Structures are given as structure tokens and as C-alpha cells.
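Peer 1: The structure is given below, and queries will be raised subsequently.
The values are calculated or read from the model by the stated rules, or taken from the named source; none is laboratory data. Computed from a predicted model, the values in this text were never measured in an experiment. In this analysis, Cβ positions are derived from the backbone assuming ideal geometry, glycine residues included, and neighbour counts consider all displayed protein chains. Ligands, DNA and RNA are excluded from the accessible area calculation, which covers all protein heavy atoms including side chains. Shrake-Rupley method; radii C 1.70, N 1.55, O 1.52, S 1.80 Å.
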Amino acid sequence: MPSQKALVRRPGPRLAEGLVTHIERETVDVELAARQWEAYVEALRANGWETTEVEPADDCPDAVFVEDTVVVYRNVALITRPGAESRRAETAGVEEAVARLGCSVNWVWEPGTLDGGDVLKVGDTIYVGRGGRTNAAGVQQLRAVFEPLGARVVAVPVSKVLHLKSAVTALPDGTVIGHIPKVDTPSLYPRFLPVPEESGGHVVLLGGGRLLMAASAPKTAELLGDLGFEPVVVDISEFEKLEGCVTCLSVRLRELYA
């Protein structure tokens, strides 16, 4: 049976100082964000996911976006080297957490940079966004770790959003979805479905056709519901002000060895 474990890290007191690159800065309500995070974690648990809380990193404003710190394929974890230097202290606690879960641990080394939000796995294909936070050396190091395990690594350009998964994610059948104005090259994906809202391009596969989605994409939720999927909607408005989405608030580990 595939595993259903997820790493999460609660937002810290400096959340409102988080980095913003592609949107205008807005005031973040830290208390509301904490409640939204609790509801997000509860949605994972209610859909069969066992959550592991990573040690807090309260000095790192962006630490709640735990997905950026590690990429996991099968039972192998690649600890990233975030493209923003201010985020590199976030990885230590995550390294400890994945090691405790039994992962084999590898690291991205200088001069490589890699953010987990730039990595989209669709079966054994791993798309890697080459953009502002992930460089060519980071892509090369990810390829060196995962291709011997059977992965096919495909680098794709990212220029319109912060991370690849700020533009696209994938449905359970492998169809990649995204909001066309934010996707650099839709033709790179064998099957692509345009969605009507930017945040509609972000889904987390919960299992059984259930899709964790943001409340800010009601038209996309309706579209995907009409296609036979079951949207599970959470409000993450305060994290969206920091270019966050449903994918980056957790790391899903689906193929851990029993």
C-alpha cells in the first residue's frame, strides 16, 4: 500500500515578513493565517493523511512553506538549497524529519540552488522549473540523484510566477492543469487542461479523486467537479498574499517503504 504521510510546519511569528517577488505586498493577518493553517492540516488528516510536524523555524518567515526544502521520490529525499539565501536555515529541521521517517537523504550543494516548489512529479516524470529560485546546477544535481532510480527529469522554463507549481500541478490521471497567462509553455506537457483561475492551477491529490484546493478558485472547483473529481476546499488567503498555495504548505510522502 502507498504511504500517506505529510510533513507540515506551523507558521511562525515573523510570517508577515515573508518574501514577495511577483505580486504586490499586502498586510498578512498572522493570527488568521495560524487558523487557516490548522484547518489545512485538519483537511489532510480528515482525508487519511498522517501528518508529521517539522520543528518550528521561527526566525525564518517563510518556513511554513515546507515543500521548498525537500524533494522526495520513492524513498529518497533530496534536501534542497533554496534560491533565496534567507531560506537556507529552514532545511535542517526537515532533514531530521525525513531521516526519522526512513528516507535515504541526499543534498543539493553549492553552486546549485533548488526550491521544492519548482518540482512537479507526474508518475515517474519529474518536471523541474528553471527560473528565479532554481538554477541549472540544481537541475543537474536533482537529475543525478533521481534518474538512477527510474525517474525521467524534464526541465521547463519558469518566468511568470515564483515556482513551477505556482503555475501548474497535475490531476490524478496525469493531466497537467494551469491558468494559461501564468504558464510559460503549455505544449511541454503531453496533456494540458487550462483552468479559469490562477489558484485553480494548484491541487494536492488526496486520494480517491479528492483534490485539495484553495477557496479562491470556485470556478475551477466547479470545472473539476464536473469532470468527476471531488474538490476539498480550504481558505489559505493569508498564505496567498505571500505567493503560497495548497501544495507548498506540506510535503506529501507517498512511496515510503513499509
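Peer 1: If Asp62 passes every condition in (1) closer than 21 Å to Lys165 by Cα; (2) part of a loop (DSSP other than H, G, I, E, B); (3) open to solvent by 50 Å² or more (accessible area, probe 1.4 Å) but one, which one does it miss?
Peer 2: That leaves (3) as the condition not met.
Peer 1: Then there's this: Is the stretch 171-185 home to any residue that is under 20 Å from Glu240 (Cβ atoms) and among the acidic types (Asp, Glu)?
Peer 2: no
Peer 1: Would you check which residues across the stretch 210-221 are outside any helix (DSSP H, G or I) and open to solvent by 20 Å² or more (accessible area, probe 1.4 Å) and list them?
Peer 2: Answer for the stretch 210-221, where residues must be outside any helix (DSSP H, G or I) and open to solvent by 20 Å² or more (accessible area, probe 1.4 Å): Arg210, Ala215, Ser216.
Peer 1: Hey, among Ser250, Ser166, Ser187, which residue is open to solvent by 20 Å² or more (accessible area, probe 1.4 Å) and among the hydroxyl-bearing types (Ser, Thr, Tyr)?
Peer 2: Criteria check complete, one pass: Ser187.
Peer 1: Another question, then. Taking interchain pairs and intrachain pairs at least six residues apart, which have beta carbon atoms under 7 angstrom, with the first residue in the stretch 63-91 and of a type in the set (Phe, Trp, Tyr) and the second surrounded by fewer than 20 Cβ atoms within 10 Å (Cβ to Cβ)?
Peer 2: Close Cβ pairs (under 7 Å, with a partner that is surrounded by fewer than 20 Cβ atoms within 10 Å (Cβ to Cβ)) amount to Tyr73/Lys121; Tyr73/Leu149; Tyr73/Ala151.
Peer 1: For Arg88, only one of the following conditions fails: (1) in contact with a Lys or Arg (Cβ under 7 Å, 6 or more places away or on another chain); (2) within 21 Å of Leu249 (Cα to Cα); (3) outside any helix (DSSP H, G or I). What is its number?
Peer 2: So the condition that Arg88 fails would be (3).
Peer 1: On to the next question. For the stretch 1-45, what are the residues that are exposed (fewer than 15 other Cβ atoms within 10 Å of the Cβ), within 30 Å of Gly102 (Cβ to Cβ) and touching a residue at least 24 places away in the same chain (Cβ under 8 Å)?
Peer 2: Across the stretch 1-45, the qualifying residues are Met1, Pro2, Ala39.
Peer 1: If Val158 satisfies every condition in (1) open to solvent by 40 Å² or more (accessible area, probe 1.4 Å); (2) within 25 Å of Phe239 (Cβ to Cβ) but one, which is the exception?
Peer 2: (1)
Peer 1: Mind listing just one residue for me: the one in the stretch 190-209 that is charged (D, E, K, R) and surrounded by 15 or more Cβ atoms within 10 Å (Cβ to Cβ) and, of those, nearest to the chain's Cα centre (by Cα)?
Peer 2: Checking each candidate, the answer is Glu198.
Peer 1: Going by the structure shown, is Val66 among the β-branched types (Val, Ile, Thr) and farther than 20 Å from Ala137 by Cβ?
Peer 2: yes
Peer 1: Looking only at the stretch 107-130, count how many residues are part of a loop (DSSP other than H, G, I, E, B) and open to solvent by 20 Å² or more (accessible area, probe 1.4 Å).
Peer 2: 5
Peer 1: Oh, and also: Search the stretch 77-90 for residues being in contact with a Ser or Thr (Cβ under 9 Å, 6 or more places away or on another chain) and open to solvent by less than 20 Å² (accessible area, probe 1.4 Å), and hand back the single one that is farthest from Glu53 (Cα to Cα).
Peer 2: So the residue we want is Ala84.
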